[in-house]
Amino acid sequence: MKIEELIQSSVTLSDTKRVILNLMVTQNVVAEKFYEVLKPYDLSGEQYNVLRILRGQKGKPANMCVIQERMVTKNSNTTRLIDKLLLKDLVTRNVCPDNRRKMEVLITDKGLALLEELEPIVLAHEQLFAQNLNQEEIIQLNDLLEKFRTLNM
């Protein structure tokens, strides 16, 4: 469906505005479907992102700054996310022995097991959106999105 039909616009939109609106609407659709995937696990997309970041540390602790830098959603409240994951026993948080002002966060075995369980479900979610594109189109779309996102200031 064309973006004009989707937003019920009778105004002729510039190509640039159409791209922006298409990106925004598409992001919302992908996020809503991802929320549906994670909902039975009582997990938000941001919490899932933190768990993946911590798994990527391969057993090394990460401090709040490292987690925040690697988050997909940069405006997330990392402390609040970690607190929620702590309550679910998916992470641990300890004072850094070298710098008592820093907190070190590690993923637990329970957190790793949850990610392992979610992996095929998340993969199916990703494939759902990719099914209308061939491999060449997926590569081209990635290239175009990265190019579009790069701001020359």
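The values are calculated or read from the model by the stated rules, or taken from the named source; none is laboratory data. On a predicted model such as this, the values are computed, not experimentally measured, just so you know. Note: ideal-geometry Cβ built from the backbone for every residue, glycine included; neighbour counts use all protein chains shown. For the accessible areas, the whole protein counts, side chains as well, though only heavy atoms, and no ligand, DNA or RNA atoms are used. Shrake-Rupley method; radii C 1.70, N 1.55, O 1.52, S 1.80 Å.
Comparison of Leu145, Leu123, Leu133 shows that the only residue that is under 22 Å from Ala31 (Cα atoms) and surrounded by fewer than 11 Cβ atoms within 10 Å (Cβ to Cβ) is Leu123. The set of residues in the stretch 15-59 that are touching a residue at least 60 places away in the same chain (Cβ under 8 Å) and touching a Ser or Thr at 6+ places or on another chain (Cβ under 8 Å) contains only Leu38.
Suppose we filter Ile107, Ile82, Ile20 for residues that are open to solvent by less than 40 Å² (accessible area, probe 1.4 Å), among the aliphatic types (A, V, I, L, M) and at pLDDT below 95; which single one remains?
Ile82
Taking only the stretch 131-153 into account, find how many residues are assigned to a helix (DSSP H, G or I) and either aliphatic (A, V, I, L, M) or touching a Gly at 6+ places or on another chain (Cβ under 8 Å) (or both). Matching residues across the stretch 131-153 total 5.
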